[in-house]
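The values are calculated or read from the model by the stated rules, or taken from the named source; none is laboratory data. Predicted model only: the values in this text are computed from it and were never measured. Ideal geometry is used to build each Cβ from the backbone, glycine not excepted, and the neighbour counts take in all protein chains shown.
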Amino acid sequence: MFNHILLASHGTEGAQAAEYVAISNCVSGGKLIHLLIVPELWQGMTGDDWLNNGHTRDDFCRYLETELGKEVDGHCERIRRTANLHQLNYAKEIILGEPDKVLVQYSTTQAFDSIVIGSPRPKDVAGLRSRLLTENVMRSLKIPLIITPYPL
């Protein structure tokens, strides 16, 4: 059991498996810090072709940011409720950046006992590959990393 866990989760099936492991392995009264990394590629998602004027493009950007924000807020609230049920102190950090670099950098900001992440999704499962589990991460982390298996 751990007192202070860094959970890197963005709500996918594999990340939800990591959430379960992190919450289950944190002592009552312990701290669960939820790190949600928004990959930089989303920053430029304005589309093209049909967004051929500035007003339409700006409207679409605001719409996309609002929808992504709702999704992130719902995801964080779900984890917060579960953490509270297990009597954990929950905090969230949402950071824009390259997932591997952000995880390594953020892991040094507090005295975490461990980091919990989901394993890469299987190749036959559709979805964006976050590139969180890189060789740089494996070499750079100074604390235990728990990689939760993808749910079958």
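Each residue in the stretch 2-21 was checked for being within 28 Å of Gly127 (Cα to Cα) and over 13 Å from the mean Cα position of the chain (by Cα), and 3 pass. Could we say that Thr12 is of a type in the set (Ser, Thr, Tyr), in contact with a Gly (Cβ under 7 Å, 6 or more places away or on another chain), at negative phi and modelled with pLDDT under 90 here? So Thr12 passes the test.
Every residue in the stretch 6-40 that is touching a His at 6+ places or on another chain (Cβ under 9 Å) and hydroxyl-bearing (Ser, Thr, Tyr), please. Across the stretch 6-40, the qualifying residues are Ser9, Ser24, Ser28.
Of everything in the stretch 114-124 that is surrounded by fewer than 17 Cβ atoms within 10 Å (Cβ to Cβ) and in contact (Cβ under 8 Å) with a residue 40 or more places away in the chain, the residue that is nearest to Glu40 (Cα to Cα) is Pro120. Modelled with pLDDT of 90 or more and closer than 18 Å to Pro39 by Cα, is that true of Asp100? The answer is yes for Asp100.
Just to be sure, is Thr56 within 21 Å of Gly11 (Cβ to Cβ), among the hydroxyl-bearing types (Ser, Thr, Tyr) and either assigned to a strand (DSSP E or B) or at pLDDT below 95 (or both)? No, not satisfied.
Applying the condition of being buried (at least 18 other Cβ atoms within 10 Å of the Cβ) and in a helix (DSSP H, G or I) to the stretch 22-33 and asking which residue is nearest to the chain's Cα centre (by Cα) yields Ala22.
Of the residues that make up the stretch 39-53, is at least one surrounded by 13 or more Cβ atoms within 10 Å (Cβ to Cβ), modelled with pLDDT under 90, at negative phi and in contact with a Pro (Cβ under 8 Å, 6 or more places away or on another chain)? Looking through the stretch 39-53, at least one residue is surrounded by 13 or more Cβ atoms within 10 Å (Cβ to Cβ), modelled with pLDDT under 90, at negative phi and in contact with a Pro (Cβ under 8 Å, 6 or more places away or on another chain).
Go through Ile23, Ile33 for me and flag whichever is in contact with an Asp or Glu (Cβ under 9 Å, 6 or more places away or on another chain) and at pLDDT 95 or above. Let's see the steps before the verdict.
Numbers: Ile23 fails: in contact with an Asp or Glu (Cβ under 9 Å, 6 or more places away or on another chain).
Just a single option satisfies the conditions, and that option is Ile33.
None of Ala111, Ala83, Ala91 is touching a residue at least 40 places away in the same chain (Cβ under 8 Å), surrounded by fewer than 16 Cβ atoms within 10 Å (Cβ to Cβ) and under 18 Å from His10 (Cβ atoms) except Ala91.
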